Every structure is written in C-alpha cells, then in structure tokens.
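**Student:** Before anything else, here's the structure in question.
The values are calculated or read from the model by the stated rules, or taken from the named source; none is laboratory data. Given the structure is predicted, the values throughout are model-derived calculations rather than measurements. All Cβ positions, glycine included, derive from the backbone under ideal geometry; neighbour counts span all protein chains shown. For the accessible areas, the whole protein counts, side chains as well, though only heavy atoms, and no ligand, DNA or RNA atoms are used. Shrake-Rupley method; radii C 1.70, N 1.55, O 1.52, S 1.80 Å.
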Amino acid sequence: MKTARLIYSILTILVFTAWCYWQLETPVDFADYRFAKIASNGEPLNPWQGPWACTLDKEQGLLWEVKTDDESIHDGYWTYSWYDGQQGQDNFGDCYFEDNRCDTLDLVIRTNQQALCNVRGWRLPTSAELQSLYRLNTLPQQAQIATQYFPQIKNGDYWSSDHHQALTGHYQRFGHGAKAFNFFSQSELNLPYRNAAFVILVTEQLPSSRTEAGVLSR
Amino acid sequence: MKFARCCFVAIHLVATAALLISLFTGLRIRAVLDDFWRNYSYLLPQGEVISIHLLSGMLLSLAAFCYLIYTRLKQQDKKRTTTRLKHKYHHLVIRLGHWVLITAIISGWLIWLQAPVINKLASILHYLMALAVIAYLFSHSYFHFIDSGVGGLKRVFVPGKGLKPLFFIIVFSLPALAWLSHAFIAQNQYQTLLVDDLNPDTHIDIDGIANEGIWQQAHQISVLTHGGANFDNGQTRIWAQAVQNEQEIYFALRWQDANESLSHLPLKKTEQGWKVKQQGFHHFDETEHYEDKFAVMLSNSCDYGADGTAHLGHQPLKDKPVNWHQKGYHASLDNQVRDLWHWKAVRTNGMLLADDNFIGKPISHKPGVRRYTAGYQADGKESGAYVMNWLWYKPDIIVPKRLPQDNNKLALFNQNALLPWFESTPYHKTTDRYPVGTELPSVLYRSNRFEGDRANVRAKGIWKDGYWHLELARKLDTGSQKDVVIDSGVCIWFSAFDRSQVAHTRHVRAIQLVFAS
C-alpha cells in the first residue's frame with residue numbers, strides 16, 4: 001500500500017510538473033494585419049527581423065520607403081524642398097548626399113536609381129496615401145503611425161505630391177505650394193515649395209517575392 | 001482533549017496554507033535574481049506576489065504565535081495528554097521544522113525592518129530557511145502521507161466531531177486578523193526622508209559633488225537594497241538627502257559600487273565582422289557588458305511591491321506577452337502614473353540628465369516589437385537622443401553606424417564608452433581598416449540632449465573610491481501628466497544597477513518624503 005502511494009504520488013508530481021512545463025511559452029512574433037517588412041533586396045522579412053528598407057502596405061497595395069538614421073539617402077533627418085523638375089523650388093532642403101542642397105526630385109531620382117527593394121516607380125505619395133498610414137499610438141509624443149514599421153518619423157511636415165495648392169495667410173505671398181502632412185498632430189497644411197520638409201516615398205510596384213507569393217489581397 | 005485537538009488541527013491547517021503560500025511566492029521573488037528558480041518558473045505563482053508574500057508571512061507569524069500558546073497550554077496539561085509521536089524520526093523532524101520556521105519568520109521580519117547591520121545576514125538566512133522548508137515538507141508532510149495515506153492527512157487537517165464551530169472560528173479569524181494587521185502595518189510602514197528647506201537664493205550645482213553647505217546640514221537616511229546583479233551578495237546601501245526651495249527638489253544620493261562600469265555593450269571586431277559584446281542582452285537581461293544605472297520611482301501611494309507595480313513571472317499580466325527573461329514587468333494596473341527617473345552612467349550622464357520615464361498601464365503588444373515593456377515607458381520628447389552604434393542588433397554580426405575618424409583617439413573613446421558624433425564618420429566596409437580585436441563604444445549622442453518632457457530631471461553622477469555620487473534636481477510640478485507632483489507625503493523607491501540592464505536592487509518599504517515646512 002505504501003509503495004503504491006509512493007509510486008502514484010511521484011507520478012502525479014511528475015505529470016503535474018510536465019503539464020506546467022508545457023504551459024510555459026516563449027515570446028513569439030506575429031504579423032501585422034496590414035504591414036510587412038521588406039529587405040533592401042526585395043525579400044520579405046519576419047516581423048522581428050531587420051534591418052528592413054521598405055514596408056509593404058498590404059491593404060493599399062503600396063510599398064513605402066523606410067527612413068533610417070544611417071546617413072544614407074534614406075536618413076529620416078534629411079529635409080527637402082518640393083520640386084518635380086518643372087514646378088517647385090529646387091535645392092532648398094538639407095541633406096548630406098548632394099553637393100548642393102536637396103529637393104524631393106533628388107530623393108526620387110536617387111531611390112529609383114538605387115532600385116530600393118528591387119523595384120522602381122518611387123514617387124511622392126498623395127496626401128490621401130500619407131493620411132492612410134494613420135494608426136493610433138497612445139505613447140506620449142509619438143507619431144500616429146505604426147512606428148514599429150515606420151521608424152524615424154519626425155515631428156514635422158511630410159511632403160505629398162498634391163501641388164499647385166493656393167497658399168493662404170502667412171504664406172500667401174508665395175502664391176502656390178504643395179500639401180504636407182504631420183504624423184504627430186495629424187494635420188494637413190499647404191506649404192510653399194521652398195519650405196524644407198521631410199519625405200517618405202512610395203511606389204505601386206511591388207517586389208516579385210510578394211506578388212509571386214500572392215500575398216497581396218488586391 | 002477534543003478542544004486541544006481542534007485547536008491543533010485549525011492552527012496546523014492555517015500554518016500549512018500560510019507556509020505553502022509564503023514558500024511559493026518567496027521562490028518567485030527569489031527567481032528574479034536566481035537563474036536556478038527561473039528554471040522552475042512554470043511551477044511558481046505570478047503577478048503581484050510581493051504583497052501576498054508579506055500577507056502570508058503575517059499569517060504564518062500569527063499561526064506560529066498561536067501554536068506557541070497552544071504548546072504552552074498543552075505542556076500544562078501534559079499529564080492528561082495521551083498523544084505521542086509514533087516515531088522518533090517524526091519527533092526530530094518536527095523539532096527541526098519548528099526551528100526552521102521560527103528562523104524563517106524572524107529573518108523575514110528583519111528583512112522587512114531593513115535592520116541596518118543584520119540585514120545582509122537575514123536575507124541569506126531567509127533563503128536558506130526556504131530551502132530547509134522544502135526539505136521539511138518532504139521529510140515531514142510527504143513522509144506522513146506515504147506512511148499514513150489520506151487518512152493520516154485527515155487526522156491533521158480535519159477536526160473531530162463536535163467542535164467544528166471552534167475550528168472554523170480559528171481558521172477564518174486568523175487570516176482575518178493577519179489581513180487587518182497587514183493593512184495596519186502597511187499604512188504605517190514607511191521610512192521617512194525629511195526634505196529640508198533650501199533658501200531660493202542658494203544655488204546647487206548638479207555636478208555629482210554634494211559640496212554645497214546645505215548638504216552638510218540636510219537630514220540623511222540610508223536604506224539597504226538587495227536583489228541586484230553583481231553587487232556584493234546582491235546588496236548595496238543607498239544614502240539619500242533631499243532639499244527643496246518651493247520650486248525644485250534636489251537629491252544627493254550615494255551608493256556602494258566597487259567598480260565604475262561604463263562599458264556598455266561595446267562592439268568588438270572579429271574575423272567575420274563587428275559583434276556586440278553581450279551575455280544576456282539578446283534576452284534583455286544583460287549583466288556583464290552594461291553601464292551602471294540608478295532609478296528613483298515616485299508615487300502618490302506607498303504600497304509594497306514598488307507600489308503594486310512589480311508583477312513577477314514569465315507572463316504575469318493576463319493577455320500580455322511572455323517576457324524574455326521570465327522576471328516580470330512593471331505596470332500600474334490602477335491606471336495611476338508612477339514617475340520613474342532612470343539615470344544611466346553613459347547614455348544620460350553626458351547629457352547631465354536622468355531619463356524621465358513613467359510606469360503607466362500596460363500598453364498593447366504590437367507586432368514587430370520584440371521587447372514588450374508593459375507599463376514602463378519613456379516620457380515624450382521634442383528632440384535629442386542617444387543611439388546605439390549598430391544598424392540593426394543581431395546576436396552574431398552587426399554593421400556599425402559610425403567609426404572613429406582618428407584611430408589614435410579610440411582608447412579615449414573606449415574609456416568614456418562614448419563615440420562623439422563629430423569625431424566619427426559613417427561606416428563603410430571599404431574604409432574599415434580596424435584590426436580584428438578592436439573594441440569600439442556602442443553609444444552615440446546623435447544630436448542634442450533630450451528636450452521636452454523626457455528632460456525634466458537634471459542629473460550628474462560621479463564615481464569615486466567605491467561609491468557613486470549622484471545629484472538630481474527636478475521641478476516640484478513639471479505640469480506633465482507623466483510626472484508625479486512632488487509634495488510632502490509622496491513616496492519614493494531607490495534601485496541601483498551594477499552593470500546590469502534590469503537586475504536592480506530593491507527595498508521592501510517605501511520612503512516617504514516629509515517636507516520640513
């Protein structure tokens with residue numbers, strides 16, 4: 001009888017311990033319902049992998065440039081005046097990668113030459129495209145965007161492609177400008193082309209790894 | 001006879017429950033600093049266990065007191081008592097068990113009292129007694145069970161017929177009394193730090209040197225903190241003074257730390273490329289290649305367990321992710337903000353700041369974020385930053401952001417554990433001619449110091465002769481929703497970090513600030 005109790009009690013303890021052990025989880029990553037990381041060569045990355053050069057917006061069918069802090073042409077600190085080669089103001093922004101100062105066309109040209117994420121077609125986003133990136137962020141003084149997929153977003157204005165906008169108030173004397181969007185204040189405003197603002201580029205072209213895999217829903 | 005038996009069974013039941021709760025919650029607390037017990041994390045309770053441990057300790061103390069009275073009465077009644085232990089073995093084990101329990105209870109109270117001289121010994125003793133309790137449970141309880149089966153358990157846990165009301169009175173009144181005593185003591189348990197008045201015309205330099213006259217007069221307290229990595233026996237004593245001038249409060253702090261640790265996750269060049277020197281950083285629990293740090297928490301309430309913000313275990317918060325190091329999270333489940341000043345010997349000391357953080361409600365877990373920190377978050381900032389000198393952290397090979405312009409200054413940079421932005425250039429593989437074995441600081445001050453809410457705490461620390469000396473200053477009311485307004489009655493907690501990322505020291509009881517005027 002005592003032997004049976006001994007065996008049964010030891011077995012119970014072992015089973016309980018094993019059950020508890022199997023309950024113990026390790027941290028696991030999980031994919032965002034909308035965004036995915038893409039490496040500079042166009043290959044998809046897992047949510048915890050990095051560095052990544054582009055963020056795929058599965059909902060909008062767009063590929064976004066990811067800003068960095070590595071002093072490359074994609075550094076998030078660089079600012080640009082709005083210029084498309086015909087309209088706007090060239091070379092009124094600040095960056096290190098141009099002999100002259102910088103404008104939006106410089107970044108568009110360089111990024112397309114580079115074939116960032118193995119695609120071309122990089123351009124300024126429309127104001128609607130920029131605003132579609134809104135995501136509530138409850139942490140203090142943070143951009144209202146998925147910062148884990150869009151790092152280095154500054155508290156400043158980001159250029160859109162929507163131009164020839166009539167300027168008012170203080171800027172009225174400059175005539176026309178382009179729409180810009182602030183991810184912190186979630187505000188849109190028209191700025192003179194000559195203003196230095198931040199830029200995040202976008203393209204409809206998607207890396208072959210994503211289109212072949214049929215991940216995109218639209 | 002029946003009466004004595006009933007008392008014994010009731011006290012035995014309460015003491016057993018209190019002992020088991022104390023043991024398991026105590027081992028969970030121990031697991032924060034002890035790898036061995038973290039291996040058994042899945043067997044230990046999780047959450048806000050510190051308060052439960054203290055409550056069960058109170059219950060065990062009361063049960064022990066009742067048992068003492070019971071044995072005294074029983075001795076007087078010995079001639080009429082026929083109860084005998086069947087085996088000498090049990091007699092010996094129970095005798096030893098009593099001493100173990102008494103020692104565990106006394107050492108627990110000594111830790112709670114933060115008794116200056118004996119506290120170091122008390123914490124060692126308390127842990128040893130916990131191990132002895134495990135041995136006791138096997139040699140006494142388990143042996144009894146094997147020997148007598150469920151019937152044997154019934155005899156010591158179920159009262160006989162006729163005296164059940166008395167049994168239930170004891171069984172329910174003891175926990176109730178313990179809870180009341182615990183609540184009463186919790187309301188009156190604070191150490192106090194008298195905050196002396198400072199003449200508004202008197203200037204205090206935040207330079208880490210408390211040589212202003214006011215510091216010679218200001219009241220000082222000391223608190224022995226325990227449970228930190230790398231400190232001697234995990235413990236360090238912290239001395240604190242505070243003064244205020246109705247606008248700002250100033251702290252002069254000092255703590256024992258045998259070495260000044262500035263080397264913060266340095267980079268080392270290997271045959272394959274640059275690598276981060278780390279031992280636990282990949283799991284966010286580095287204890288070798290890390291800077292010294294110090295933390296001050298402030299709150300309008302003063303409860304145990306860092307005012308109820310310490311949630312221990314691998315997954316202590318329901319619906320929140322498992323944590324990497326299985327130690328736990330800080331979070332305010334009552335939605336009150338606790339202020340947290342985090343001074344870092346490399347990353348913020350050069351900015352003459354402490355990182356102004358807070359503990360709020362646990363945030364939601366976001367995809368793509370590998371480290372979840374629950375309620376521990378940084379205040380907002382307008383600008384300024386320190387950055388790590390790698391494009392993306394990996395445990396094997398990383399790519400640095402910058403390399404020093406002048407090789408000859410590398411020794412100086414390593415000594416300061418800081419790579420100046422304007423004395424370095426962006427990394428290019430083609431221009432990286434540093435030999436294998438070269439070490440490089442990993443901390444870069446990218447631009448200006450923090451500005452905005454995150455820069456509300458001025459700080460400067462200096463290490464000298466085995467002690468860190470730290471001065472802190474902050475406005476009494478910053479106007480920030482993420483800061484606690486400092487006034488008489490606010491409670492504070494101190495934690496020191498000896499080259500560790502999260503393994504900090506702690507103290508059980510809060511320190512309440514009492515303004516002299």
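**Student:** Between the chain alone and the structure with every protein chain in place, find the residues of region A:60-96 that drop at least 40 Å² of accessible area; heavy atoms, 1.4 Å probe.
**Tutor:** When all protein chains are present, A:Asp69, A:Asp70, A:Glu71, A:Tyr77 each give up 40 Å² or more of accessible surface.
**Student:** So which residues of region A:1-41 lose at least 20 Å² of accessible area, probe 1.4 Å, when you go from the chain by itself to every protein chain present?
**Tutor:** Listed in order, they are A:Lys2, A:Arg5, A:Leu6, A:Ser9, A:Ile13, A:Thr17, A:Cys20, A:Tyr21, A:Leu24, A:Glu25, A:Pro27, A:Phe30.
**Student:** Under 5 Å between amide hydrogens, which residues at least 5 positions from B:Lys401 or on another chain qualify, with H placed 1.01 Å from N in the peptide plane?
**Tutor:** B:Trp390, B:Leu391
**Student:** Can you give the FRET efficiency to the nearest 0.05 for A:Gln86 and A:His170, using r as the Cβ-Cβ distance and R₀ = 25 Å?
**Tutor:** E(calc), rounded to 0.05, equals 0.45.
**Student:** Probe radius 1.4 Å, ligands and nucleic acids ignored: give me the carbon and sulfur share of the accessible area of region B:266-394 as a rounded percent.
**Tutor:** With neighbouring chains kept in place, the figure for region B:266-394 is 47 percent.
**Student:** Which whole-number value in Å² is the accessible area per residue of region B:2-187, probe 1.4 Å?
**Tutor:** Per residue, region B:2-187 has 58 Å² of solvent-accessible surface.
**Student:** What aspartates and glutamates does A:Lys37 reach when the alpha-carbon gap must be under 20 Å and sequence neighbours fewer than 8 apart in one chain are set aside?
**Tutor:** Within reach: A:Asp29, A:Asp57, A:Glu59, A:Glu65, A:Asp69, A:Asp70, A:Asp75, A:Glu129, A:Glu204, A:Glu212.
**Student:** For region B:498-505, in order, what is each residue's ³J(HN,Hα) by Karplus, 6.51 cos²θ - 1.76 cosθ + 1.60 with θ = phi - 60°, in whole Hz (x at glycine and Pro)?
**Tutor:** 9, 6, 9, 7, 10, 7, 9, 7
**Student:** If you fit an axis through the alpha-carbon atoms of helix A:2-23 and take the longest principal axis of the Cα set of chain A, what angle between them do you get, 0 to 90°, nearest 10?
**Tutor:** 10 degrees
**Student:** Per the helix-only calculation at 222 nm, which mean residue ellipticity applies to the protein assembly as shown, given -39500 (n - 2.57) for every DSSP H run of n ≥ 4 and division by its residues, nearest 500 deg cm²/dmol?
**Tutor:** Mean residue ellipticity at 222 nm (helix-derived): -9000 deg cm²/dmol.
**Student:** Multiply the residue separation of B:Asn448 and B:Arg5 by 0.36 nm, subtract the distance between their alpha-carbon atoms, and state the gained length in nm to one decimal.
**Tutor:** Length difference between fully extended and current span is 152.1 nm.
**Student:** May I pose another question? Within 14 Å, Cβ to Cβ, of B:Ser517, how many net charges do the neighbouring residues add up to if Lys/Arg are +1 and Asp/Glu are -1?
**Tutor:** After counting each charged neighbour, the total is -4.
**Student:** Something else about it: Could you sort A:Glu43, B:Glu246 by accessible area so the largest value comes first, with the probe set to 1.4 Å?
**Tutor:** Most to least solvent-accessible, the answer reads B:Glu246, A:Glu43.
**Student:** Given the pairs B:Lys344/B:Lys464; B:Lys293/B:Lys460; A:Lys154/B:Lys293, which are separated by over 21 angstrom at their Cα positions?
**Tutor:** Table pairs above 21 Å Cα-Cα are A:Lys154/B:Lys293.
**Student:** Something else: Given a 1.4 angstrom probe, I'd like the percentage of the accessible area of region B:2-187 that is carbon and sulfur, rounded to a whole number.
**Tutor:** Of the solvent-accessible surface of region B:2-187, carbon and sulfur hold 73 percent.
**Student:** By its C-alpha gyration tensor, with a ≥ b ≥ c as the square roots of the eigenvalues, how is region A:99-218 shaped: rounded for a/c under 1.5, else prolate for a/b larger than b/c, else oblate?
**Tutor:** Oblate, since a/c reaches 1.5 and b/c is not below a/b.
**Student:** For region A:106-143, state which residues have at least 30 Å² less accessible area in the presence of all protein chains than in their chain by itself, taking the probe as 1.4 Å and leaving out ligands, DNA and RNA.
**Tutor:** A:Leu139, A:Pro140, A:Gln141
**Student:** Let me check something: with ligands and nucleic acids excluded, how do B:Glu271, A:Glu71 order by accessible area (1.4 Å probe), largest to smallest?
**Tutor:** So the residues, ranked largest to smallest area, are B:Glu271, A:Glu71.
**Student:** Keeping every protein chain in place, order B:Val171, B:Val195 by accessible area at 1.4 Å, biggest value first, i.e. largest first.
**Tutor:** Largest accessible area first, the list is B:Val171, B:Val195.
**Student:** Among B:326-338, B:479-491, how do they line up by average Cβ neighbours within 10 Å per residue, starting with the highest?
**Tutor:** B:326-338, B:479-491
**Student:** For B:Lys409, give me every one of the aspartates and glutamates with a C-alpha distance below 16 angstrom, ignoring sequence neighbours fewer than eight places off in its own chain.
**Tutor:** Answer for B:Lys409, where 16 Å is the Cα cut-off: B:Glu423, B:Asp432, B:Glu439, listed by chain and number.
**Student:** For chain B, return all DSSP H helices satisfying: extent of Cα atoms along own axis at least 18 Å; mean Kyte-Doolittle hydropathy at least 0.5.
**Tutor:** Helices passing the filter in chain B: B:2-31, B:49-76, B:88-113, B:119-136, B:164-187.
**Student:** Using the Cβ atoms and a cut-off under 15 Å, what net charge is assigned to the surroundings of B:Asp232, where Lys and Arg are +1 and Asp and Glu are -1?
**Tutor:** Residues near B:Asp232 contribute 0 overall.
**Student:** Just to be sure I understand: if you take the accessible area of chain B alone plus chain A alone and subtract the pair, with a 1.4 Å probe, what total do you get in Å², rounded to 100?
**Tutor:** Chains B and A together bury roughly 3300 Å² of accessible area.
**Student:** If you fit an axis through the alpha-carbon atoms of helix A:104-114 and take the longest principal axis of the Cα set of chain A, what angle between them do you get, 0 to 90°, nearest 10?
**Tutor:** Value to nearest ten degrees: 50.
**Student:** Here's something else I'd like to know. Please work out the average accessible area per residue across region A:67-205, using the 1.4 Å probe convention, and give it in Å².
**Tutor:** On a per-residue basis, region A:67-205 sits at 43 Å².
**Student:** Pull out a ≥ b ≥ c, the square roots of the eigenvalues of the alpha-carbon gyration tensor of region B:177-242, then state rounded if a/c is under 1.5, prolate if not and a/b is larger than b/c, and oblate in the remaining case.
**Tutor:** oblate
**Student:** Could I ask something else about it? Quick one: Cα centre-to-centre distance for region B:397-438 and region B:460-517, in angstrom?
**Tutor:** 35 Å
**Student:** Looking at the square roots a ≥ b ≥ c of the eigenvalues of the Cα gyration tensor of chain B, which shape do they give, rounded for a/c under 1.5, prolate if a/b is larger than b/c, or oblate?
**Tutor:** prolate
**Student:** Per residue, how much accessible area does region B:410-459 show when a 1.4 Å probe rolls over the protein heavy atoms, in square angstrom?
**Tutor:** Accessible surface, normalised per residue, equals 51 Å².
**Student:** I'd like to know which of B:His126, B:Leu23, B:Ala4 lies farthest towards the positive end of the charge dipole of region B:2-187, counting +1 on Cβ of Lys and Arg and -1 on Cβ of Asp and Glu.
**Tutor:** Farthest towards the positive end: B:Ala4.
**Student:** Further question on the same structure: Convert each backbone phi in region B:201-210 into a coupling constant with the Karplus relation 6.51 cos²θ - 1.76 cosθ + 1.60 (shift: θ = phi - 60°), then list the ³J(HN,Hα) values in order as whole Hz, x for Gly and Pro.
**Tutor:** After applying 6.51 cos²θ - 1.76 cosθ + 1.60, I find 7, 7, 9, 10, 7, 8, 10, x, 10, 7 Hz.
**Student:** Give me the percent of the accessible area of region A:67-205 that comes from carbon and sulfur atoms, probe 1.4 Å, all protein chains in place.
**Tutor:** 45 percent
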